[in-house]
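Engineer: Below you'll find the structure I mean.
The values are calculated or read from the model by the stated rules, or taken from the named source; none is laboratory data. This structure is a prediction, so every number in the text was calculated from the model and none was measured. Every residue, glycine as well, gets a Cβ built from its backbone with ideal geometry; the counts of neighbours run over all protein chains shown.
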Amino acid sequence: MSSRNAASVRITNSQATLLDRWSTTHLASVLLFSLGSSIVTPFFGIYVAKTLGYGIEFAALLITLKVVGQRAMSVIGGVLTDVSGAKRTAICGVAMRCTAFAVLLLPPEKALLIASALLNGFGSAIYHPALRKLMFSRCHASSSLLSRVVSLRNASLNLGAAVGPLLGVWMVENNFHIAFQIIVLIYLANLLLLIIVRDASCKAGGWGALASWKHLFTPGFWKILALQFGFFWLYSHFELLIPIFLDGQLGKLHVTLAFLTNTVVVVLVQTLASRKVSLVPTWTGFLGFAGFFATFGFLSRWHDARDDIAILSISSVVLGMLCFSIGEIIFGNRLDYLISMQITPNLTATAFGIAALVGGLSLSAANAVNVKIFEAFGAPAVWSVNLAMTTAFLLICLISRR
């Protein structure tokens, strides 16, 4: 029996018990990595601007440095993974994140805060391509198993991001330093988890791993990058205009309701339907986003806080975020699946890094454009323009049958 057939048999046999030692370790690592940073992410700007007294501009600079570091280094993180080995690179990423928060335990000098922000972004850029390769490369021979692993990985990531702020509310209220100490302990636990559990399924490829670089210039991969650009353009509203719009017109309760709806839908769907999510056609993701923009377009024109139509505003927010979450789930899983299946295993981490960079550029461009539209013409114009764009994406997708 050839080595590839033997691998296929092992994978097929493992489908009955997906969560073997390695899968459990990697899912736990993703959960801890996401949980650690998300504890203080919603409150870090307040901490820098008000608690430390450095002002909003410096707080914005730190957040920008973290995001830019994460996106700019993503390609380098992917290359390091393919050349040096996924597990070794993942350990380095966790170590960098741990160091980033350990620095925050020192006296809060501006230089140290900048160093922490850069380490935070670099750690994420190195870690995520490596963990994707660790998890997905073992399932390359089975599309159904790959689909399930991709979905469970994203569910773990979102679960950590959802639970983190809930813990952060309690920790930050007591003392930011306590929160930083607990975060350092979380990353140390993640570090030990990756070091102790041995996994030889994804070895270092050396510089020879880059010999098949031509796979990165195929029409199939460029189509995936185009989908990534479109997805992040539509997703960009999640952290910026959705909360601003809802808070300004309906109040903070609706903001909380929106994010709670998203968290519940994303975690439940990716956990309960993990085998099928990545196999859903891409055009349904655009259909989900179209439903979101249509619903929020209606909400922006007919919103009212009066009691007699409060149910209408609440149901519109829930329906809109349900559609948004469906689009997010389908694209998040589908793109990971397509890259894993179409790119040679030697270059998957590099491909994920390139995709992350494209997503970051798309998100930055979308925020710049949509904010200008929002300030000049208001929320209804933003939702209308993006609905038209989504419809165009949907038609192109249906024509190309992607």
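Engineer: So, restricting to helices (runs of 4 or more DSSP H) that lie completely within region 233-302, which ones have at least 2 residues that are farther than 17 Å from Asn158 by Cβ and in contact with a Gly (Cβ under 6 Å, 6 or more places away or on another chain)? Give the derivation first.
Structural biologist: Working: elements: 241-249, 252-272, 283-302.
Output list reads 283-302.
Engineer: Which of the residues that make up region 79-128 are of a type in the set (Val, Ile, Thr), closer than 22 Å to Val48 by Cβ and touching a residue at least 40 places away in the same chain (Cβ under 8 Å)?
Structural biologist: Going residue by residue through region 79-128, those that are of a type in the set (Val, Ile, Thr) are 79, 81, 83, 89, 91, 94, 99, 103, 114, 126.
Still in the list and also closer than 22 Å to Val48 by Cβ: 99, 103, 114.
Correct list: Ile114 only.
Engineer: May I pose another question? Determine the pairs where a residue that is over 16 Å from Ser34 (Cβ atoms) and without any contact (Cβ under 8 Å) to a residue 40 or more places away in the chain, located within region 167-189, has a partner that is of a type outside the set (Asp, Glu) and in a helix (DSSP H, G or I) with Cβ atoms under 7 Å apart, the partner being 6 or more residues away or on another chain.
Structural biologist: Sorted first by the residue in region 167-189, then by its partner, the pairs are Ile178/Met171.
Engineer: Say we look at region 348-402 and pick out the residues that are charged (D, E, K, R) and within 18 Å of Gly297 (Cα to Cα); which of these is surrounded by the fewest Cβ atoms within 10 Å (Cβ to Cβ)? Explain how you work it out, then say what you get.
Structural biologist: Here is the first cut: in region 348-402, the ones charged (D, E, K, R) are 372, 375, 401-402.
Going one step further and asking which of them are within 18 Å of Gly297 (Cα to Cα), we end up with 372, 375.
Values: Lys372: 11, Glu375: 9.
Ranking the qualifying residues of region 348-402, first place goes to Glu375.
Engineer: Okay, moving on. Can you tell me which residue among Gly77, Gly36 is more than 24 Å from Ile178 (Cβ to Cβ), assigned by TED's automatic domain parsing to the domain that holds Ser147, at pLDDT 85 or above and crowded, with 18+ Cβ neighbours inside 10 Å?
Structural biologist: On the way: Gly36 fails: more than 24 Å from Ile178 (Cβ to Cβ).
Just a single option satisfies the conditions, and that option is Gly77.
Engineer: Is it true that some residue in region 95-109 is within 29 Å of Arg334 (Cβ to Cβ) and assigned by TED's automatic domain parsing to the domain that holds Ile182?
Structural biologist: First, the residues of region 95-109 that are within 29 Å of Arg334 (Cβ to Cβ): 97.
Pick out the ones that are also assigned by TED's automatic domain parsing to the domain that holds Ile182 and you get 97.
Yes, the conditions are met somewhere in region 95-109.
Engineer: Another one. Looking only at region 129-180, count how many residues are surrounded by 20 or more Cβ atoms within 10 Å (Cβ to Cβ), under 15 Å from the mean Cα position of the chain (by Cα) and farther than 27 Å from Leu106 by Cβ.
Structural biologist: Of the residues in region 129-180, 14 are surrounded by 20 or more Cβ atoms within 10 Å (Cβ to Cβ), under 15 Å from the mean Cα position of the chain (by Cα) and farther than 27 Å from Leu106 by Cβ.
Engineer: Still on this structure, please answer the following. Go over the candidates Val83, Val48 one by one and state the one that is crowded, with 17+ Cβ neighbours inside 10 Å and at pLDDT 85 or above.
Structural biologist: Working: Val83 fails: at pLDDT 85 or above.
Criteria check complete, one pass: Val48.
Engineer: Can you tell me which condition Leu112 does not meet? The list is (1) surrounded by fewer than 17 Cβ atoms within 10 Å (Cβ to Cβ); (2) in contact with a Leu (Cβ under 8 Å, 6 or more places away or on another chain); (3) closer than 30 Å to Trp22 by Cα, and all the others hold.
Structural biologist: The single condition Leu112 does not satisfy is (3).
Engineer: Pick from Lys276, Lys252: which is basic (Lys, Arg) and over 22 Å from Ala162 (Cα atoms)?
Structural biologist: On the way: Lys252 fails: over 22 Å from Ala162 (Cα atoms).
None of the others qualify; the one that does is Lys276.
Engineer: Can I ask one more? For region 38-62, which positions are of a type in the set (A, V, I, L, M, F, W, C) and assigned to a helix (DSSP H, G or I)? Break it down into steps so the answer makes sense when it comes.
Structural biologist: Filtering region 38-62 for residues of a type in the set (A, V, I, L, M, F, W, C) gives 39-40, 43-44, 46, 48-49, 52, 56, 58-62.
Passing the criteria: Phe44, Ile46, Val48, Ala49, Ile56, Phe58, Ala59, Ala60, Leu61, Leu62.
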